[in-house]
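Here is the structure we will look at, set down as structure tokens.
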Amino acid sequence: MPNQTPKQKNALPKATTGPKVSVGKPKHKKIAKTSIVVLRAGAVPKRVRPQRQVRSLVTPQMLAQLEALDKQIGVMDPGRDTADEDDTDYRQAIGGRPGQFSNTFTQTYGSATFQGGQFSIACAEPGCIRGGTILMTAKWVEVRNTTPPVPPRKPPVCHDVPWAALEVELAERERLAGKRFTDYFNKSVCWYQPNLRAGHAECNGMGVKTNAQTAPQFKKAAGAIIDTVMADFSTQNLPIWA
Ligand SMILES: [Zn+2]
């Protein structure tokens with residue numbers, strides 16, 4: 001670095017035997033012949049500081065990787081950004097719950113049998129209060145003869161381990177790790193397919209209202225689901241932490 005005013009003026013130069021290199025010291029400055037600088041052959045401070053470079057934190061390589069990752073996720077879940085409009089009422093009851101995947105309903109209700117213009121599938125909620133079978137139209141709208149009538153909509157996708165319990169466990173793990181899960185990871189935990197089941201809206205509503213206070217009884221099961229999804233993400237090289 002030419003003309004670099006040495007901040008290392010007071011630092012003892014390292015003894016080197018290299019050729020003398022000008023470091024741009026003021027030429028008029030007198031240096032005693034007995035100076036330590038002179039006495040040491042070639043004792044010239046070589047600590048030339050590299051020019052500070054402000055680099056972008058996101059390199060083109062990283063951008064390319066993120067783009068590839070996004071495509072990969074898009075292939076896995078083409079409708080990941082679409083809003084869940086099928087169980088609006090239920091969703092409102094649980095604020096902050098991630099929206100379903102585009103295929104969550106189909107995966108949960110896909111085994112229903114179609115006969116006489118209607119789909120039917122067993123209600124998997126414990127203590128079903130509506131006869132054990134969910135009847136749906138050809139458009140998967142639940143057939144409900146209730147008084148007063150309710151707006152037609154698809155039956156809800158019910159959880160075995162409730163979202164409230166998963167949410168509490170996710171938050172606890174974030175606290176321990178000191179970092180946040182990605183939205184995609186939270187969503188994948190929330191809609192982990194083996195934890196989902198078919199159920200009447202009423203039966204789902206009749207279930208225990210799990211909240212942060214009652215969630216601990218599901219802690220072990222919630223942890224097992226999170227562990228499974230985490231292992232799955234690692235295998236597929238998907239982003240677990242934001
Ligand atoms: Zn039921």
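Considering the range 124-136, and only residues there that are within 8 Å of the ligand (Cβ to nearest atom) and surrounded by 19 or more Cβ atoms within 10 Å (Cβ to Cβ), the residue that is nearest to the chain's Cα centre (by Cα) turns out to be E125.
Report yes if L166 is touching a strand residue (DSSP E or B) at 6+ places or on another chain (Cβ under 6 Å) and surrounded by 13 or more Cβ atoms within 10 Å (Cβ to Cβ), otherwise no. Against the criterion (touching a strand residue (DSSP E or B) at 6+ places or on another chain (Cβ under 6 Å) and surrounded by 13 or more Cβ atoms within 10 Å (Cβ to Cβ)), L166 does not qualify. Here is a check on your reading of the model: is V189 more than 26 Å from W140 (Cα to Cα), β-branched (V, I, T) and surrounded by 12 or more Cβ atoms within 10 Å (Cβ to Cβ)? Here the answer is no, as V189 does not meet what is asked. Taking the conditions (1) among the β-branched types (V, I, T); (2) over 27 Å from P98 (Cβ atoms); (3) within 15 Å of the ligand (Cβ to nearest atom) in turn, I121 satisfies each one other than (2).
Bear in mind these aren't lab numbers, they're just calculated from the coordinates by the rules spelled out. Small disclaimer: the values here were computed from a predicted structure and weren't measured. A quick note on method: Cβ atoms are made from the backbone with ideal geometry, for glycine too, and the neighbour counts reach across all protein chains shown.
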